[in-house]
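A short write-up of the structure that comes next.
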Amino acid sequence: MTTTRRDFLQRSVTASAAAALSAGPLAASASAAERMAREDDAANAAVDTPATIKAFERRMFRAKPVALSKVRVTGGPLQHAQEITGKYLLSLNPDRMMAYYRMRAGLSKKAEPYTGWDGAGKNLTGHIAGHHLSGVSYMYAATGDVKFKERADYLVRELKEVQDKHGDGYLSALENGREKFAEVSKGDIRSGGFDLNGLWSPWYVLHKTFAGLRDSYRLTGNPVALTLGTKFAGWAERAMAPLDEDQWARMLNTEHGGMNEVLADLYADTGDKRWLTLSYKFEHKDFTDALKRHQDNLSGKHGNCQIPKIMGSAKRYGYTADTSDIVAAAFFFDRVAQHHSYSTGGHGLSEYFGAPDQLSARVDGRTAETCNVYNMLKLSRRLFSYSPDPHYADFNERALFNHILASIDPEDARTSYMVPVGRGVTQEYQDMQRSFTCCVGSGMESHALHGDGVYYESDDKLWVNLFVPSTVQFTMGGVKLTQETSFPDGDQAKLSLAMAAPKTFTLAVRRPVWAGDAFKISVNGTAVPQPELTALYNAAAGGRNGAPGNEAANAQPSSYVEIKRLWKTGDVVELSIPKTVSLEPTADNKQVASVMWGPLVLAGDLGPGRGERGAGGGAPTPRPQIPVLVAADRPIAEWVKPDPARAGNFSAHQVARFDAQQGVSADVSLTPFYRTHRRTYSVYFDVLTPKDFAERGASMAAERARVAKMEASTVALVQPGEMQPERDYNYVSEPADRPTVRTNGRANRGGAGWFSFDIPVDPSAPMMLAVTYMNELGLSAANGDFEILVDGTSIAKFVPNPKPGSFYDAQYSVPASLVAGKTKVTVKFQASVRGRIAPVFGVRMYRAN
């Protein structure tokens with residue numbers, strides 16, 4: 001980019017006006033663009049500078065976020081999460097994080113390196129040092145504790161020694177990183193979803209280092225960090241300079257984090273337009289172009305591969321007013337928040353998006369990755385700055401007090417990779433000294449940011465978005481505000497103001513829609529009358545009330561109570577924000593629903609956690625009996641009763657049924673989702689009428705009869721991936737080290753080469769082979785290129801079945817000639833030379849008659 005921001009804005013006036021017609025409040029109007037262009041004349045007379053870019057960004061903000069260093073969280077579960085995360089951060093050894101950085105530069109290590117995803121080989125080696133540098137920088141801003149700055153400064157010194165040794169700006173811990181990037185530079189690009197020339201998401205890993213250096217510079221004031229980041233960007237610019245547009249596009253098909261964001265930020269911090277140009281090079285047009293046309297292209301996309309790219313678009317808009325960036329960012333956020341998210345604010349099944357508004361069949365399994373929610377919160381806070389719509393604050397509250405608080409064990413700060421939302425599930429806690437997954441990394445940052453997004457300001461308005469015990473020092477008028485609140489357990493909040501001199505301004509306090517008409521607000525003891533909610537929202541909006549369609553799209557948003565007066569020290573604003581219980585069904589199936597208490601999900605507590613496992617491994621968690629709530633024909637207040645022993649605890653009273661048992665009702669304890677640590681729980685329930693339940697019972701009885709009939713005719717059943725069954729049936733594999741993978745709690749075998757079992761048969765009856773496969777909901781059918789052989793003879797070639805949405809059996813006839821006179825046969829799964837075997841979850845030999 002060689003034009004000035006002023007030139008860009010003048011040429012963008014017409015485009016801005018057109019975009020405003022389709023992008024809503026976030027698109028700059030023509031008059032706004034013209035005004036900013038005139039105001040920017042002087043600043044762009046020569047060159048961009050960090051001061052002029054930041055001044056431009058401030059003008060782009062309609063609600064300026066209060067700096068993290070000006071907010072202190074003073075109580076409640078958010079403060080507790082912040083405190084235990086701070087202790088965890090300081091418990092880590094920076095020399096272990098830096099070991100591979102030093103070794104790649106030819107320096108001796110000072111300590112043994114960490115393992116897991118930060119370990120050697122094909123891992124995200126080095127990503128934890130970047131996350132940790134961001135985490136301690138955020139924590140220093142959030143607390144003022146100098147220990148965090150000291151840790152950040154130490155890491156920067158270590159990174160400088162490594163970069164100086166490399167001599168060309170390179171700064172990475174990746175094994176063979178230089179060699180692989182050299183291949184890419186020459187146009188030899190072998191790119192997949194997470195693999196670039198044999199490296200696991202290398203730009204994603206480098207992004208963490210870039211981000212850590214940026215955060216250290218911005219939040220701890222370390223100028224060396226900016227120098228390191230600039231030199232590192234220079235290496236990236238030179239290394240990728242030979243690539244043409246098609247080669248860039250091919251490279252970007254591999255996950256690359258928020259490289260566009262950190263480079264746009266580097267432009268803002270240096271004024272050097274080289275980095276803005278490089279930021280645009282990292283624009284993944286194959287993904288973002290559809291969003292700019294308002295096309296939801298998320299189905300089948302990996303969630304956390306996309307959100308950092310969009311955060312980059314949102315950040316860059318503030319520096320350039322490029323309307324295409326904000327159209328993509330705003331549309332993406334709205335689609336995820338309103339059409340792809342669960343009641344907890346999380347999204348995704350097995351890390352991937354499905355079809356919009358098709359969630360009821362996707363609530364079970366490994367849902368709701370924590371990294372995704374961390375990044376969506378960052379995006380929501382940025383978008384609110386441009387357009388202070390309570391929609392963003394509503395999402396922030398929902399995701400923060402449900403998913404994020406649920407993602408950290410309050411006893412020992414363990415982070416959960418997945419925070420499942422299904423029926424009878426448990427958390428995926430990580431080993432915080434060994435695993436170092438992506439969500440351990442983002443968790444290092446997340447809980448230092450609980451003061452971010454609570455307060456915003458402009459020249460004449462202060463916003464209070466969330467109910468968090470805290471203090472804030474605003475820039476405007478030197479106003480200090482202290483918030484005391486019993487939320488999330490309670491329903492009261494008090495805002496006390498102090499300032500050097502009285503000042504007239506508007507205090508905008510969010511009126512959450514979940515508080516209903518019982519919401520109350522007063523100033524110095526005098527009530528401020530509030531209209532009924534129905535008076536604040538016209539659902540018809542020029543059409544007809546009650547039109548059929550997506551009720552979620554017509555849901556009433558929260559609003560702001562704006563109080564303009566001459567404020568002075570000692571003024572107090574008091575709030576009553578009562579929560580009521582409600583059902584929140586999925587858009588596509590009203591029988592699948594969460595129980596809500598205001599914005600808080602009430603999860604069913606089904607007993608102690610039955611085993612914990614890390615991401616993708618470990619023993620399966622035995623599932624308890626899953627309750628069905630037979631109460632859909634009754635008002636929820638009749639059967640969800642509060643527990644007097646503790647605020648927030650409830651009971652689904654005498655409505656729970658198990659396994660279609662008729663006439664046997666029970667209670668289910670309900671508790672706020674963030675209290676479900678080390679428990680087995682259900683976020684979503686089947687909520688049925690008695691008639692629905694009776695019909696389901698009949699259907700389940702028929703299915704049990706079918707299964708019983710098949711089991712009675714079964715000669716042998718093999719569970720691939722389970723040790724004893726594989727021994728019993730002489731499992732053999734090439735390659736011999738084929739991994740066992742677990743999906744939705746079930747083990748499977750798949751991949752290249754072949755594997756086989758020796759399986760008994762009954763030569764007196766016709767034989768059938770049933771093989772269990774699985775389709776991930778919302779994604780294309782399980783694929784593979786392999787055939788099934790019985791004693792060396794092919795009986796079938798795998799053909800994917802797109803109709804099922806979970807586990808399913810494919811049935812294959814076994815020719816009588818292959819079993820005649822035999823008591824067992826060898827069943828072999830053989831991939832083609834370049835193909836693979838789709839995951840196999842079960843192999844059953846049974847009598848066809």
Handout entry: Taking N as its residue count, the alpha carbon Rg of segment 129-219 over 2.2 N^0.38 Å
Key = 1.25
Completion exercise
segment 445-468 and segment 253-308 have their Cα centres apart by a whole-number Å value of 26
Completion exercise
Spelling it out for MET767: with amide H atoms placed in the peptide plane at 1.01 Å from N, the residues 5 or more places away or on another chain with amide H under 5 Å from its amide H are VAL814, ALA848
Handout entry: Mean projected area (nm²) of the alpha-carbon convex hull when segment 624-774 is viewed from all directions
Key = 13.5
Problem - Convex hull of the chain built on C-alpha atoms - directionally averaged projected area, nm² - result: 38.0
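At a threshold of 8 angstrom on Cα-Cα distance, excluding pairs fewer than six apart, so keeping six or more, what relative contact order does the chain reach in percent? Could you put the intermediate results ahead of the total?
On the way: 1815 pairs, mean separation 87.4, N = 849.
Here the relative contact order equals 10 percent.
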Fill in the blank from the handout: As straight-line cross-link partners of LYS281, the qualifying lysines (C-alpha separation under 16 Å, not fewer than 8 residues apart within one chain) are LYS273, LYS309, LYS315
Completion exercise
Note, GLN591: beta-carbon cut-off 14 Å, +1 each Lys/Arg, -1 each Asp/Glu, net -1
Fill in the blank from the handout: Given all pairs of distinct Cα atoms, segment 201-292 yields a Kirkwood Rh in Å of 13.5
Practice task
Could you name the lysines whose alpha carbon sits less than 20 Å from that of LYS110, not counting residues in the same chain fewer than 8 places away?
Solution key: LYS160, LYS165
Fill in the blank from the handout: On the formula 1/(1 + (r/R0)^6), with r taken between the Cβ atoms of ALA645 and ASP692 and R0 of 35 Å, the FRET efficiency rounded to 0.05 is 0.60
Practice task
Mind grabbing the base-10 log of I(q)/I(0) for segment 255-342 at q = 0.20 Å⁻¹? Debye formula, identical points on the C-alpha positions, no solvent, two decimal places.
Solution key: -0.86
Practice task
Please work out the FRET efficiency for the pair ALA527 and SER699, using the Cβ-Cβ distance as r and a Förster radius of 51 Å; give the result to the nearest 0.05.
Solution key: 0.40
Handout entry: Separation of the ALA535 and ALA848 label points, Cα + 7 Å toward Cβ, nm
Key = 7.5
Practice task
Principal axes first, then extents: for the Cα atoms of segment 188-244, list largest minus smallest coordinate on each axis, whole Å, largest first.
Solution key: 39, 23, 14
Problem - Dimensionless Rg over Rh [segment 84-177; C-alpha; Kirkwood] - result: 0.98
Fill in the blank from the handout: The farthest towards the positive end of the charge dipole of the chain, of the residues GLN358, SER651, SER341, given +1 on Cβ of Lys and Arg and -1 on Cβ of Asp and Glu, is SER341
Exercise for the section: Would you calculate the separation in nanometres between label points at ALA752 and GLU161, each defined as 7 Å from the Cα along the Cα-to-beta-carbon direction? Expected result: 4.0
Problem - q = 0.16, 0.27, 0.31, 0.32 Å⁻¹, segment 799-849: log10 I(q)/I(0) [Debye, one scatterer per Cα] - result: -0.68, -1.28, -1.40, -1.43
Fill in the blank from the handout: Calculated from DSSP helices alone, with each H run of at least 4 adding -39500 (n - 2.57) and the total divided by the residues of the chain, [θ]222 nm to the nearest 500 comes to -10500 deg cm²/dmol
Exercise for the section: Would you mind working out the magnitude of the charge dipole of the chain relative to its Cα centre, with +1 at each Lys and Arg C-beta and -1 at each Asp and Glu C-beta, to the nearest 20 Debye? Expected result: 500
Fill in the blank from the handout: Which residues qualify? For LEU688, with a placed amide H closer than 5 Å and at least 5 residues away or on another chain, they are LEU629, VAL630, ALA631, ALA632
Fill in the blank from the handout: Unit-weight point scatterers at every alpha-carbon of segment 78-122, Debye formula, q = 0.22, 0.29, 0.30 1/Å: log10 I(q)/I(0) is -0.75, -0.98, -1.01
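ALA765 to ARG706: FRET efficiency via 1/(1 + (r/R0)^6), r the Cβ-Cβ distance, R0 22 Å, to the nearest 0.05?
FRET efficiency, ALA765 to ARG706: 0.70.
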Problem - Quotient of Cα Rg and 2.2 N^0.38 Å for segment 295-362, N being how many residues it contains - result: 1.15
Practice task
Provide the three semi-axes, in whole Å and in decreasing order, of the ellipsoid equivalent to segment 699-849 as defined by the square roots of 5 times the Cα gyration tensor eigenvalues.
Solution key: 22, 21, 15
Practice task
Any of LYS70/LYS149; LYS231/LYS285; LYS122/LYS378 with alpha carbons more than 22 Å apart? Name them for me.
Solution key: LYS231/LYS285; LYS122/LYS378
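Bear in mind that the values in this text are calculations on the coordinates, not laboratory data. Keep in mind that what you see is a predicted model, and the values were worked out from it rather than measured. All Cβ positions, even for glycine, are placed from backbone atoms using ideal geometry, and neighbour counts span all protein chains on display.
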